[in-house]
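These notes are about the structure you will find just below.
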Amino acid sequence: MHYKIKNLIKFFRPKSISLLSLFFIALLNVSFVHSENDIVAKEYALKTAFLYNFARLVDWPEGTLSNGTPYLQICLIGNDPFDRALKALNNKKAHNKTLLINRDISAFEIPQCQILFISESETENVTDILKTAAQSPILTISELEGFTQQSGHIRLFLREDKTISLEVNYNAIKKSGLAISSRILSLAKIIETEDKSHD
C-alpha cells in the first residue's frame, strides 16, 4: 500500500486512523503547496509519524524496556535526512517511555538503541551495522534499496510516483525477539528471506 505525499488528507480514512492516530493530523497540519522543498518536508514529516507509530506498535522482549531509564531511544546513524521533522517527537511517549532522539551515533552506541534508522550514507557499512544491531532487540529501519533483503527490518521509502511505501522483513523481526503489530503488517509488503544476520 502506498501513500501520496500530495494527498495526505485522503490517508486519514477511518480504518487508518487507529494506526496513525490523530498525531498524524497534528504533525501534518500545514498548507499544501507544490514546491520541491515542501514535498521533501512533508515526506520526512510523514516518515517521522511512521517512526512514532513503530515505537508504539512494536513490542520489545520482556525486560528490555525495564532498564531503569525513562527513555526509548530512536537512533540515527549516518547523515540525518529528517532535518527539523523529528522535533515533532519531543515529549512523545511509547510504552510509557519518553522518546529520545539520538542523532549521528557511532557503531559503538548501537546497543543502547531500541530503534535504529540507518541513513543512505551508510550504504557501504550497512552489513556491519545490521550484524551489530542483531546482537540486541533493536528495530532497524532504512530507506536503502534492498535493505529488507539484507535482513533489515523495515524499509520506509519514497517511490518515483511520490508515494510512501513500507517493506517489512517479518522473519528478521521475529528472530530479533521483537513483535510487530498486524496493523503495521497490513500496510506493508512482506519480504520473505532467510535471516542471516545472526550468523
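Key figures for this structure:
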quantity	calculated
Region 150-185, residues that are surrounded by fewer than 15 Cβ atoms within 10 Å (Cβ to Cβ), among the small types (Gly, Ala, Ser) and farther than 17 Å from residue 114 by Cα	182
Unmet criterion (only one of (1) touching a Lys or Arg at 6+ places or on another chain (Cβ under 8 Å); (2) assigned to a loop (DSSP other than H, G, I, E, B); (3) within 21 Å of residue 187 (Cβ to Cβ)) for residue 156	(2)
Yes/no for residue 184 being aliphatic (A, V, I, L, M) and modelled with pLDDT under 95	yes
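The values are calculated or read from the model by the stated rules, or taken from the named source; none is laboratory data. Note that the structure is a prediction, hence the values are computed from the model and not measured. Here the Cβ is made from the backbone with ideal geometry for all residues, glycine too, and neighbour counts use every protein chain on show.
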